[in-house]
1. Which members of the stretch 94-132 meet the condition of being part of a loop (DSSP other than H, G, I, E, B), polar (S, T, N, Q) and in contact (Cβ under 8 Å) with a residue 40 or more places away in the chain?
2. Among (1) buried (at least 18 other Cβ atoms within 10 Å of the Cβ); (2) farther than 22 Å from Tyr430 by Cα; (3) within 24 Å of the chain's Cα centre (by Cα), which single condition is Asp412 missing?
3. Just one of the numbered conditions (1) at pLDDT below 90; (2) within 25 Å of Ser250 (Cβ to Cβ); (3) surrounded by 13 or more Cβ atoms within 10 Å (Cβ to Cβ) is not true of Leu72; which one?
4. I'm trying to understand the selection: among the residues of the stretch 170-186, which are in a loop (DSSP other than H, G, I, E, B) and among the small types (Gly, Ala, Ser)?
5. Would you check if His21 is at pLDDT below 90 and buried (at least 20 other Cβ atoms within 10 Å of the Cβ)?
6. Out of all the residues in the stretch 30-44, which are in a loop (DSSP other than H, G, I, E, B) and within 28 Å of His133 (Cβ to Cβ)?
7. What pairs can you find where one residue is in the stretch 296-320 and under 26 Å from Ala374 (Cβ atoms), the other is assigned to a helix (DSSP H, G or I) and among the small types (Gly, Ala, Ser), and their Cβ atoms are less than 8 Å apart, with a gap of 6+ or different chains?
8. Might you check whether a residue that is of a type in the set (Phe, Trp, Tyr) and over 21 Å from Cys115 (Cα atoms) occurs anywhere in the stretch 186-203?
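The values are calculated or read from the model by the stated rules, or taken from the named source; none is laboratory data. These numbers were taken from a predicted model, which means no experiment stands behind them. Note that we place each Cβ from the backbone using ideal geometry, even for glycine, and neighbour counts take in every protein chain shown.
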Amino acid sequence: MSRAKQYVELFKERDSICVSHYPVPISQHTESEVWSLMELEQVNTKDTPTALYLHIPFCDATCSFCPFNRYLKKQEQVDDYLAAVRKEIDRYAGTPFGSSITVSSINLGGGTPSCLSSEELTGILQHMKQAFHVAEDAMIFIEGNPRNFTADKLEDLALQGLNRISVGVQTFQEELAGLLGLYHSVDDSFELVKNARSCGIDNIGIDLMYNLPGQTLDQWRADILTSIEQEIDHICVISFCVVPHTQIASRIAEGKIPGIGDVYREIELYTIAKEMLLEAGYLQYSVIDFAKPGKTDRHATLYFSEQSHMIGIGAAAFGIINGYMYVNSGNLNEYMSRVQDGLLPVNCGEKADELELAHGAMAKGLRMLSVSRADFVRMFRQEPEELFPDTIERLVQDGLLIQDAEGIRLTDDGIIWGNNVSKQFFSSKYADYGLQHRMKLAKGRPVQSVK
């Protein structure tokens, strides 16, 4: 039996959704309960810096495959939203917790943050810097689209400290871009790279999708080769996921476009990307991320590897503060109304005890390929094998994990099946949460317990 077939029989399917929220926020709490569970009245005691995430839910156009919380941009709505965001920022910053943290990563995601004007983006960055203590060497990172990340906008943002961008290129193939209905052209992507370099932005990241409907091996090789030739600093390779109720899911169901490849094709495409990028000198530092040396995403490292606090601001933003994982309301009117009433706009959340934090450290850490033994013992005063002996032993025997003096890490096969392996460390309370629950959370909707 081939190894691929062995793991298909073990897992049934290759999970395309990375570990994100842990613990899974399934409970609803009152304002006073949220305040208490976040421990906002206490000063920060962690020795690691804090990450700050701001969700901008607006887009100039909606992608046919996108399941995330987004709205077509209307200027009046943007103005009201940014006013609410500033108020939410101030609410956190004014607490003993918020005033005692050091922020070393600011990430604006969406949606499409780059659809906002230069003035709007620079204004919100300035507000965050004034509200929180932001480290001088902080990573300031904005996600966007090649079409509206204009040269002037990049230049203005670079003056405000922008030092990393990530754009949803998805493909450099015109045929596939048309099939996906992308808002931008292939030429827009090339122009963006040139403009970002000229502004001195030295960490350019892109997302590329594989196993697209009708995608050939040669098209995928060409996408990877183009990324290498363009000297892209950071490449995130994402397995295309057909999410129910999206436009592209309907087109596939109606037979208007081809379906995606099977799991064996998916593994073949992933392996092609990994081999080409490693040969070109990129480092793989997560299940989906490849970067040139020194160009990793600090935001991801803080949250997934170092188990740092992450303050989530905005509609459908998620964060974790003192072990309380939460997701804000994704409904714009509800979000803005709660903030204007002086309330935190938390939709649902979950407080982790120490054992659940350890489950999360293993699950999130293995998304980043390994869990440091020294860091785990420092946080939990026990070895990983003491807390999770059966799970680790089983995955080692299956050829998916390696134990050594440094810690627990994924094997080569474990990396291919990394999302499945990571989720083996979910506690029984959250083990049954899947794609439908993840999509609800992405839209800032409540997720009920499946138990």
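1. Of everything in the stretch 94-132, those that are part of a loop (DSSP other than H, G, I, E, B), polar (S, T, N, Q) and in contact (Cβ under 8 Å) with a residue 40 or more places away in the chain turn out to be Thr95, Thr112.
2. So Asp412 meets the others, but not (1).
3. The number of the failed condition is (3).
4. Of the stretch 170-186, the ones in a loop (DSSP other than H, G, I, E, B) are 171-173, 181-185.
Listed by number, the residues that qualify are Gly181, Ser185.
5. Yes; evaluated as a whole, the condition is true for this residue.
6. Once the filter is applied, which keeps residues that are in a loop (DSSP other than H, G, I, E, B) and within 28 Å of His133 (Cβ to Cβ), the stretch 30-44 yields Glu39, Leu40, Glu41, Gln42, Val43, Asn44.
7. Sorted first by the residue in the stretch 296-320, then by its partner, the pairs are Phe304/Gly365; Ser305/Gly365; Gln307/Gly360; Gln307/Ala361.
8. Start the filter on the stretch 186-203 by keeping residues that are of a type in the set (Phe, Trp, Tyr), which leaves 190.
Cutting the leftovers down to over 21 Å from Cys115 (Cα atoms) gives us none.
No; the residues of the stretch 186-203 include none that is of a type in the set (Phe, Trp, Tyr) and over 21 Å from Cys115 (Cα atoms).
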